[in-house]
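What follows is one structure encoded as structure tokens, with my remarks underneath.
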Amino acid sequence: MEDADGSIWVGTPSGLERLRGHVVHMVPELLDRGMTRAAPHPDGGVVAVRVQRLDDTASLLRIDGAKASELPDPLRTHVLDQAPDGTLVFGGQHGIERHGPAGVERIALPPAVAAAGDSIRARRLTAGNDEIWLWTGRMGAWHYRAGAWTQPPVKEDQPQLAAFDAAGRN
């Protein structure tokens with residue numbers, strides 16, 4: 001993703017790297033820690049989710065320059081995405097939050113996922129302007145739109161992906 005300063009942030013197996021001009025800036029705290037996803041925050045900063053390789057624990061971080069600092073994480077965030085309208089969406093064990101110009105909107109997980117508790121993890125999240133796709137370990141894909149969750153039928157031979165254009169249409 002690209003931040004407000006024009007830096008490109010890339011999550012790699014070696015950690016989170018910042019490309020600025022022709023120089024690569026490493027974030028040492030994230031070196032060899034597993035999966036890292038970064039996104040610009042509406043306040044102009046950069047946030048990242050780091051999921052540990054061995055035990056699947058996660059941390060929510062703020063990146064300033066090339067330094068990472070942990071943030072409070074009541075959701076136990078594992079995934080994040082930025083919607084086409086710039087809204088930042090976090091997904092974790094305790095729900096989903098949309099951070100946008102109007103503030104923070106809290107969305108409960110699908111009831112079946114919430115009832116499973118800590119045994120189910122959010123694995124991927126794709127955000128549109130007015131909808132969210134959430135993929136979980138063992139419980140598949142879920143779609144949130146107009147205040148309600150649905151679980152679309154899955155065909156084993158079809159890919160499980162969703163994408164949105166600049167207008168937020170999937």
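Using modelled amide H (1.01 Å from N, peptide plane; none on Pro or chain starts), what sits under 5 Å from the amide H of H78, excluding residues fewer than 5 places away?
Sorted by chain and number, the residues that satisfy this are G91, G92, Q93.
For segment 118-143 and segment 42-64, compute the distance between their C-alpha centroids and round to whole Å.
Centre-to-centre (Cα) distance: 18 Å.
How big is segment 112-152 on each of its three principal axes, counting only the C-alpha atoms and giving the largest first in Å?
29, 17, 16
Compute the distance in nm between two label points, each set 7 Å from the Cα along the Cα-to-Cβ direction, one at D64 and one at I8.
Going from the D64 label point to the I8 one covers 2.7 nm.
For labels at D55 and A102 in the simple 7 Å Cα→Cβ model, what's the distance in nm?
4.0
Please give the length that would be gained between R20 and R145 if that part of the chain were fully extended, namely 0.36 nm times their separation in residues minus their C-alpha to C-alpha distance (nm, one decimal). Spell out each step's value before the answer.
On the way: separation 125, 0.36 × 125 = 45.00 nm, distance 3.71 nm.
Gain on stretching R20 to R145: 41.3 nm.
Per residue of segment 106-118, in order, report the coupling 6.51 cos²θ - 1.76 cosθ + 1.60 (Karplus, θ = phi - 60°) as ³J(HN,Hα) in whole Hz, putting x for Gly and Pro.
Once rounded to whole Hz, the list reads 9, 10, 5, 5, x, x, 5, 6, 4, 5, 6, x, 6.
Identify the trypsin sites (Lys or Arg not before Pro) of segment 119-149 meeting these criteria: DSSP loop state and at most 11 other C-beta atoms within 10 Å of the C-beta. Could you put the intermediate results ahead of the total?
Working: sites: R121, R123, R124, R138, R145; in loops: R121, R138.
Here the trypsin sites (Lys or Arg not before Pro) that fit, given the DSSP loop and packing criteria, are R138.
What does the net charge come to around E105 if you take all other residues with beta carbon closer than 9 Å to its beta carbon, with K and R at +1 and D and E at -1?
Numbers: positive: R98, R106; negative: E97.
Once positives and negatives cancel, what remains is +1.
Just read off the accessible area of S119 with the full protein assembly in place, 1.4 Å probe, to the nearest 10 Å².
Surface open to solvent at S119 totals about 70 Å².
Counting only other residues whose beta carbon sits under 10 Å from that of R18, what net charge do I get with K and R as +1, D and E as -1? Please list the in-between numbers first.
On the way: positive: R20; negative: D3, D5, E17.
Result for the neighbourhood of R18: -2.
The values are calculated or read from the model by the stated rules, or taken from the named source; none is laboratory data. Quick caveat, the model's predicted, so the values are computed rather than measured. In this analysis, Cβ positions are derived from the backbone assuming ideal geometry, glycine residues included, and neighbour counts consider all displayed protein chains. We work out accessible area using only protein heavy atoms, side chains counted, and drop any ligands, DNA or RNA first. Shrake-Rupley method; radii C 1.70, N 1.55, O 1.52, S 1.80 Å.
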